[in-house]
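**Q** Sending over a structure as structure tokens; questions will come in a sec.
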Amino acid sequence: MSPRNRELLALVPASMLVTAGFAAIFIGRADVVSDLSFTYGLIFLGICVATHIVIRFTLPDADPYLFPLVALLACFGLVVIFRLDEDKAISQAGWFVAGLVLFSATIIALRKDFRVLEQYRYLIAFGSLLLLVMPRMPLIGVETNEAYLGVAIGPLAFQPAEFAKLGIVVFLAAYLREHRDVLILDSRRFLGITFPPLKHFGPLLLIWVTALFLLFFIRDIGSSLMFFGAFLAILYVATNRVGFVVVGMAAFAAGAFVVAQGVPHIQNRVDVWLDPFNPAWVEDKGFQVAQGMFAQADGGLFGTGFGGSIILTPLPDTDLIYAVIVNELGLMGACGLILVYLLLVARGLKTAMIARDSFSTLLAAGLSAVLALQVFVIIGGVTRVIPLTGVTLPFVSYGGSSVLANFVLLALLLLVSDRARREAVTTR
Amino acid sequence: MKTPILKLYGTVVLLFGVLMGFTSYWSVFAADGLRDQTANRRDELQEQRIKRGTIKTADGTVIARSRKRDDETYRRQYPQGELFGHPIGYAFASIGSSGLEAFYDDRLVGRRTELVTTFESLIGREQEGQDLEITLDGEAQQIATDALKATESAKGAAVAMDLETGAVRVMASVPGFDPNDLDKPGVFGKLSSDDDDTPIFNRAAQGLFPPGSTFKTVTATAALDTGEYTPDTTVSGANGKPISGVPLQNAGGADFGPITLTEALTGSVNTVWAEVGEDLGGETMNEYMERFGFNAAPPIDLPASQLPRSGIRDGKGKLIEASAASVDVGRTAIGQAALLVSPLQMATVAQTIGNGGVRMEPYLLEAAVDTDGRTAFKAEPERAERVMSEETAAALGEMMRNVVREGTGTAAALEGVEVAGKTGTAEVDVAGGINDAWFIGFTDRTAVAVMVERVASQGGIAAAPIAKSILERLDG
């Protein structure tokens with residue numbers, strides 16, 4: 001079977017899930033029996049088939065499972081959002097259409113050879129940093145929960161960090177593709193210690209400083225952790241030096257500790273993380289985390305069922321959507337969701353492994369890593385593995401920026417995959 | 001670069017494993033602890049989203065129902081106001097529940113096993129409670145409440161139950177409270193305050209009072225059933241006989257000669273019954289008290305926390321048996337000394353005697369109907385135990401009929417229906433002449449107990465007429 005036919009077949013579970021999900025909510029609300037759920041299912045299926053056709057014509061050899069897995073996540077998110085707020089679900093569906101357009105545009109623009117991105121690496125890096133600091137700019141910056149993550153230019157509001165993460169991964173892949181040999185070879189000569197050579201120490205230090213600067217500037221541990229983690233992942237894949245990762249993590253932890261002392265907001269997040277039920281703040285700054293935990297506690301093994309729970313948590317459709325999922329689908333549903341992410345990351349890393357050139361490998365590995373880290377940061381925040389910070393659950397949370405950026409991420413992965421698999425076939 | 005990618009994947013697997021581990025911890029292993037957190041108000045809100053069943057009387061009068069509010073939550077309404085406040089109780093998310101609402105909470109919210117819940121939510125059925133039909137008679141309840149309110153102290157309680165089944169027809173307690181206002185700020189605290197005679201308190205089941213001479217029926221049961229006495233046994237009714245070494249006075253200092261037990265009950269002669277009690281002894285008295293249900297929580301369908309045990313209380317309020325050395329058995333036998341009882345317990349005494357000696361478990365729930373109209377529960381009268389022989393019951397019944405015919409209880413007499421009864425006047429403030437006035441009795445269908453709290457009156461005057469009007473409604 002051709003990869004594309006396999007992809008089409010793999011979309012069946014997603015479309016079934018979305019129909020079943022909508023049906024469950026309709027029935028659960030005891031409304032009049034409505035065929036609207038099937039309409040929703042059909043619309044979603046239409047979007048999926050359209051995307052599939054775009055891939056079939058532009059990237060015939062790309063990995064057949066990446067898109068169905070994303071579709072599964074997307075429809076899962078859509079059902080949960082629908083259950084929370086009907087209007088938002090409709091607007092989220094609109095974002096999926098817009099995401100599909102951007103997805104197609106990305107593929108068409110980079111179809112010939114996505115490696116042109118390498119040439120623009122510094123421009124991309126600069127653009128990404130600009131995006132990241134935009135929320136702190138006067139007039140357009142938006143503060144949410146004392147962190148600076150949003151931008152509003154007139155009616156257009158978006159979360160620049162979602163797009164910046166792509167640019168940073170592209171830049172890091174390009175930069176490390178260029179310097180990996182020197183990093184490996186020179187460092188070996190440096191008295192056998194796994195420190196990078198001095199000459200290249202500067203740029204790496206610069207990335208470290210940038211991450212800490214972000215932590216200080218946009219006051220968000222999550223984004224900062226995500227970017228620096230992606231950097232370490234790409235650095236590790238590029239050099240195969242665990243020492244770099246260890247030193248990097250230690251440096252980040254030390255820096256973060258120092259920065260956190262000076263930013264009360266981060267200190268608050270840590271306080272809440274360590275003790276969310278402290279009577280001093282359980283109704284205040286700890287409310288979100290505490291209610292998220294209570295929602296999870298009510299979920300149990302199998303959950304309360306779609307539409308079955310009461311929503312007390314703030315931001316149930318974005319930051320805390322995972323708490324709602326645990327509540328309504330239980331531990332089983334939540335583990336299923338994490339497994340889908342794990343499969344998606346596996347396909348992404350598989351793409352990285354079969355890619356023929358270093359840039360492709362590093363790009364695919366970086367994109368997969370940043371996706372995995374984002375999932376870890378937000379779910380880890382909700383489950384109190386780490387302090388809670390405001391990032392979205394990719395493809396599931398409500399939000400235009402998140403949907404658009406993640407569709408571009410998918411497009412990039414498919415571009416790498418298509419090329420890698422074609423080359424693998426032709427050289428066989 | 002394959003090796004680092006594989007290791008990277010291993011790291012991701014590890015991290016996601018941590019996420020699953022934490023999720024299982026919070027959602028399953030630590031879930032109970034999280035539910036107990038004071039900041040967790042999910043249960044309370046969840047409860048408000050369930051439509052509790054409706055509570056009705058047999059004639060269809062709605063006592064409690066749930067109404068949906070704009071925010072999709074339900075609120076309990078009590079259309080009859082305070083009339084059924086005590087037995088039915090209340091159910092509000094903010095202050096909890098009491099009475100029948102608390103006892104039948106599972107039925108009223110339709111609580112089911114987790115498996116059934118999962119199935120029902122799959123087929124999309126909303127959790128809904130069963131409707132309850134109760135045994136109370138609205139009109140008799142109203143009559144009792146009005147009569148108690150009209151008394152001098154406007155405080156008291158009345159209980160009436162079906163003689164053969166134990167189905168409770170009246171459970172009235174005055175002062176009452178309107179459950180509709182209970183969750184408003186400050187209301188609950190005020191209703192619980194002693195300064196306002198604690199209207200929240202269900203005097204009929206929760207209250208403990210000295211029974212006075214109504215307790216002589218228990219002593220008489222022991223006297224006749226042991227075979228030590230017959231209704232015609234002659235005992236001296238002299239005034240000032242020493243009981244536990246201290247002279248005991250008859251009401252009004254009246255001195256009787258040798259009289260029969262029947263006459264002694266009709267005239268409620270203290271010295272006779274105290275002597276009988278002393279003669280029978282603490283062991284026997286305790287035996288019969290326990291057969292009647294004293295020293296144990298009444299087996300009625302109300303929350304155990306609202307059902308104190310009737311019996312003899314020591315100085316610290318602890319329950320002691322009649323055989324204990326510190327007990328004045330003679331005075332206990334005439335309902336004085338340290339004896340404290342609930343009107344519900346005394347109604348059971350009357351019910352037992354009237355029912356040929358068989359004590360029935362009192363109950364308030366007649367039937368429960370689920371949302372599909374199926375009967376989920378139908379009351380089946382439960383026999384608690386045989387307290388005395390049928391002969392004893394018949395003989396005592398005749399003695400008690402004499403009380404109403406020509407004794408202290410004539411005010412309870414009904415036309416066309418023969419009433420058996422016993423009055424009681426428990427002195428709670430001797431100097432002020434304040435008594436708890438009692439009447440217990442039965443017809444061939446209904447048993448009743450009425451207690452008027454703290455009045456300058458007597459059982460035959462203050463309580464007997466109320467019993468009469470209740471019996472008139474139920475048996476007329």
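The values are calculated or read from the model by the stated rules, or taken from the named source; none is laboratory data. Predicted, not measured: the structure shown is a model, and the values here were computed from it. Note that we place each Cβ from the backbone using ideal geometry, even for glycine, and neighbour counts take in every protein chain shown.
**Q** Take the residues in the range A:364-392 that are surrounded by 24 or more Cβ atoms within 10 Å (Cβ to Cβ) and more than 15 Å from the chain's Cα centre (by Cα), then tell me which one is farthest from the other protein chains (Cβ to nearest Cβ).
**A** This residue is A:Leu388.
**Q** Is it the case that the range A:315-324 has a residue that's over 24 Å from A:Val416 (Cβ atoms), crowded, with 23+ Cβ neighbours inside 10 Å, under 15 Å from the mean Cα position of the chain (by Cα) and at the interface with chain B (Cβ under 9 Å from one of its Cβ atoms)?
**A** Yes, that holds for at least one residue.
**Q** Exactly one of these conditions fails for B:Gly281: (1) crowded, with 19+ Cβ neighbours inside 10 Å; (2) assigned to a helix (DSSP H, G or I). Give me its number.
**A** (1)
**Q** Now for a separate question. Only one of these conditions is not met by A:Glu328: (1) surrounded by 24 or more Cβ atoms within 10 Å (Cβ to Cβ); (2) in contact with a helix residue (DSSP H, G or I) (Cβ under 6 Å, 6 or more places away or on another chain). Which number is it?
**A** Every condition holds for A:Glu328 apart from (2).
**Q** Next up: Do we find that A:Ser360 is touching a Lys or Arg at 6+ places or on another chain (Cβ under 7 Å), outside any loop (DSSP other than H, G, I, E, B) and within 16 Å of B:Met1 (Cβ to Cβ) in this structure?
**A** yes
**Q** Continuing with the same structure: Quick one: A:Gln119 ticks every box in (1) surrounded by fewer than 13 Cβ atoms within 10 Å (Cβ to Cβ); (2) among the polar types (S, T, N, Q); (3) touching a Gly at 6+ places or on another chain (Cβ under 6 Å) bar one, so which box is it?
**A** Among (1) surrounded by fewer than 13 Cβ atoms within 10 Å (Cβ to Cβ); (2) among the polar types (S, T, N, Q); (3) touching a Gly at 6+ places or on another chain (Cβ under 6 Å), the lone unmet condition for A:Gln119 is (3).
**Q** When you go through (1) surrounded by fewer than 20 Cβ atoms within 10 Å (Cβ to Cβ); (2) in contact with an Asp or Glu (Cβ under 8 Å, 6 or more places away or on another chain); (3) under 21 Å from B:Gln142 (Cβ atoms) one by one for B:Met451, which number turns out not to apply?
**A** (1)
**Q** Of everything in the range A:261-287 that's surrounded by 21 or more Cβ atoms within 10 Å (Cβ to Cβ) and part of a helix (DSSP H, G or I), which residue is nearest to the other protein chains (Cβ to nearest Cβ)?
**A** It comes out as A:Val272.
**Q** Taking the condition of being facing chain A (nearest Cβ under 7 Å), in a helix (DSSP H, G or I), surrounded by 17 or more Cβ atoms within 10 Å (Cβ to Cβ) and not basic (Lys, Arg), how many residues in the range B:1-58 meet it?
**A** 17
**Q** Within the range B:405-457, track down each residue that is farther than 21 Å from B:Leu340 by Cβ, in contact with a Leu (Cβ under 9 Å, 6 or more places away or on another chain) and among the hydrophobic types (A, V, I, L, M, F, W, C).
**A** B:Ala412, B:Leu414, B:Val417, B:Val419, B:Ala420, B:Phe442
**Q** Between residues in the range B:277-288 that are within 17 Å of B:Thr217 (Cβ to Cβ) and residues that are surrounded by fewer than 21 Cβ atoms within 10 Å (Cβ to Cβ) and of a type in the set (S, T, N, Q), which pairs lie under 6 Å by C-beta distance while being six or more apart or on different chains?
**A** That search, which allows pairs on different chains as well, returns B:Asn286/B:Ser323.
**Q** Inspect the range B:393-414 for any residue being touching a Pro at 6+ places or on another chain (Cβ under 7 Å), in contact (Cβ under 8 Å) with a residue 40 or more places away in the chain, β-branched (Val, Ile, Thr) and surrounded by fewer than 20 Cβ atoms within 10 Å (Cβ to Cβ) and give the result as yes or no.
**A** no
**Q** Just checking, how many residues over the range A:293-303 are in contact (Cβ under 8 Å) with a residue 60 or more places away in the chain and either surrounded by fewer than 24 Cβ atoms within 10 Å (Cβ to Cβ) or more than 9 Å from chain B (Cβ to nearest Cβ) (or both)?
**A** 0
**Q** Are there any pairs with C-beta distances below 6 angstrom linking a residue in the range B:343-360 that is within 20 Å of B:Gly212 (Cβ to Cβ) to a residue that is among the polar types (S, T, N, Q), with the two at least 6 apart or on different chains, and if so which?
**A** Every condition considered, the pairs that remain are B:Gln345/B:Ser310; B:Met346/B:Thr214; B:Val349/B:Thr217.
**Q** Hey, could you check the range B:357-370 for residues that are at pLDDT 95 or above and not in a strand (DSSP E or B) and say which is farthest from B:Gln130 (Cα to Cα)?
**A** Per the criteria, the residue is B:Gly357.
**Q** Here is a further query. Select from the range B:436-466 the residues that are out of contact with any helix residue (DSSP H, G or I) (no Cβ under 7 Å at 6 or more places or on another chain) and part of a strand (DSSP E or B) and list them in ascending order.
**A** B:Glu453, B:Arg454
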